[in-house]
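The values are calculated or read from the model by the stated rules, or taken from the named source; none is laboratory data. Predicted, not measured: the structure shown is a model, and the values here were computed from it. For neighbour counting, all protein chains shown are included, and Cβ atoms are generated from backbone atoms with ideal geometry for every residue, glycine included.
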Amino acid sequence: MKSFLTLLLLLIFVIAPAQEQLNDYKYIIVPKQFDTFKEQNQYQTSTLTKFFLENQGFNVVYDDALPSDLSTNRCLGLLVELVNNSSMFTTKTAVAFKDCNSKQVYISQEGSSKIKDFKGSYNEAIKDAFNSLKGFNYVYNQAAAEPITVSFKNDVKNLPTNVQQTVSDTNVPVQLSNSITMSKNDAVVAQKPQEVAIENIKVSKNVYYAQGIENGYQLVDSSPKIVMKMFTTSKPNMYLGEDTNGNSGLVYSENGAWFFEYYERNQFIKNTLQIKF
């Protein structure tokens, strides 16, 4: 009885993290030909892998028949790989799941077989590997896969009311609030802004892992739990960031370190982040 409870607890601790991670992906992609084999579907490895995944409730597609949304956004799916550790007398293989950045999200237990026939041994080893996903209840978590839409609709500010001179057809510049100079050609020259006083610097001790999403990345902690989403800009290593607390700002890299700058209740905050891509 004691050994049964130990096994049950072990399965819970193994399956629960896997379910939480794999539920974030809409599709599982199975190659028609795995890298370790010379032919398509050799020893029925592809069809058997697809069969076991579909039995677990996953939405499984072959790599040469991707649906339109997956074709345009590869990060909606996980690619399956067979990790082949076979020896001369024993077939050993595990099933790995990798995201659009080739980062391994989950790997099954290693299945094994001593059957001498290759087809039979790989069938048995793959079946044994999928035993670690027994009891898995896949439900696609669409909210985790959808990027946050950042809107700047209300960020356009009106011109100051204390305009000293209106724009006319002359070439006389117009001075706006002692900070912006405009000519009739609408050329805007801004004076050098004052340095922003950093009122609070926070250094994150947690390591966050970057997972590719449409137009950027999502950062997850070791739980894994999404803590922030970063959206690409026209500048390399500079992103628009929004964390789970509703703070929006700028995420950027400087001298090998990552920072998140934003305003919170009119206070300027600068966070140091530890990000692994």
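Here is a yes/no grid of residues against (1) in contact with a Phe, Trp or Tyr (Cβ under 9 Å, 6 or more places away or on another chain); (2) among the hydroxyl-bearing types (Ser, Thr, Tyr):
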| residue | (1), (2) |
| --- | --- |
| Tyr217 | yes, yes |
| Lys235 | yes, no |
| Asn245 | no, no |
| Gly249 | yes, no |
| Ala257 | no, no |
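Exactly one residue among Asn84, Asn101 is touching a Gly at 6+ places or on another chain (Cβ under 8 Å) and either in contact (Cβ under 8 Å) with a residue 40 or more places away in the chain or hydroxyl-bearing (Ser, Thr, Tyr) (or both), and that residue is Asn101.
Yes/no matrix, rows are residues, columns are (1) within 22 Å of Ser102 (Cβ to Cβ); (2) at pLDDT 60 or above; (3) surrounded by 16 or more Cβ atoms within 10 Å (Cβ to Cβ):
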| site | (1), (2), (3) |
| --- | --- |
| Ile201 | no, no, no |
| Gly212 | yes, yes, yes |
| Thr232 | yes, yes, no |
| Phe277 | yes, yes, no |
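Considering the range 214-227, and only residues there that are of a type in the set (A, V, I, L, M) and touching a residue at least 40 places away in the same chain (Cβ under 8 Å), the residue that is surrounded by the fewest Cβ atoms within 10 Å (Cβ to Cβ) turns out to be Ile226. Scan the range 60-77 and give yes if some residue there is of a type in the set (Gly, Ala, Ser), surrounded by 14 or more Cβ atoms within 10 Å (Cβ to Cβ), in contact with a Cys (Cβ under 9 Å, 6 or more places away or on another chain) and at pLDDT 85 or above, otherwise no. The answer is yes, given that some residue of the range 60-77 is of a type in the set (Gly, Ala, Ser), surrounded by 14 or more Cβ atoms within 10 Å (Cβ to Cβ), in contact with a Cys (Cβ under 9 Å, 6 or more places away or on another chain) and at pLDDT 85 or above.
Residue by residue, here is whether (1) closer than 21 Å to Asn141 by Cα; (2) part of a loop (DSSP other than H, G, I, E, B); (3) in the same structural domain as Leu70 (by TED's automatic domain parsing) holds:
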| position | (1), (2), (3) |
| --- | --- |
| Ala210 | yes, no, no |
| Ser223 | yes, yes, no |
| Met230 | yes, no, no |
| Gly241 | no, no, no |
| Asn245 | yes, yes, no |
| Val251 | no, no, no |
| Phe259 | no, no, no |
| Phe268 | no, no, no |
| Thr272 | no, no, no |
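Quick check: is even one residue across the range 258-269 surrounded by 15 or more Cβ atoms within 10 Å (Cβ to Cβ) and touching a residue at least 40 places away in the same chain (Cβ under 8 Å)? Taking every residue of the range 258-269 in turn, at least one turns out to be surrounded by 15 or more Cβ atoms within 10 Å (Cβ to Cβ) and touching a residue at least 40 places away in the same chain (Cβ under 8 Å). Filtered by the rule that a residue be over 21 Å from Ile126 (Cα atoms) and of a type in the set (Lys, Arg), the range 67-101 gives a lone residue, Arg74.
Residue-level check: of (1) within 19 Å of Cys100 (Cβ to Cβ); (2) at pLDDT 90 or above; (3) part of a helix (DSSP H, G or I); (4) among the hydroxyl-bearing types (Ser, Thr, Tyr), Thr45 misses just (1).
Looking across the range 86-95, just one residue is surrounded by fewer than 17 Cβ atoms within 10 Å (Cβ to Cβ) and either at pLDDT 90 or above or closer than 17 Å to Lys32 by Cβ (or both), and that is Thr90. Selection of first residues in the range 112-128 that are farther than 11 Å from Phe89 by Cα and of second residues that are among the charged types (D, E, K, R) and in a loop (DSSP other than H, G, I, E, B), restricted to Cβ pairs under 7 Å at least 6 apart or on distinct chains, gives an empty result.
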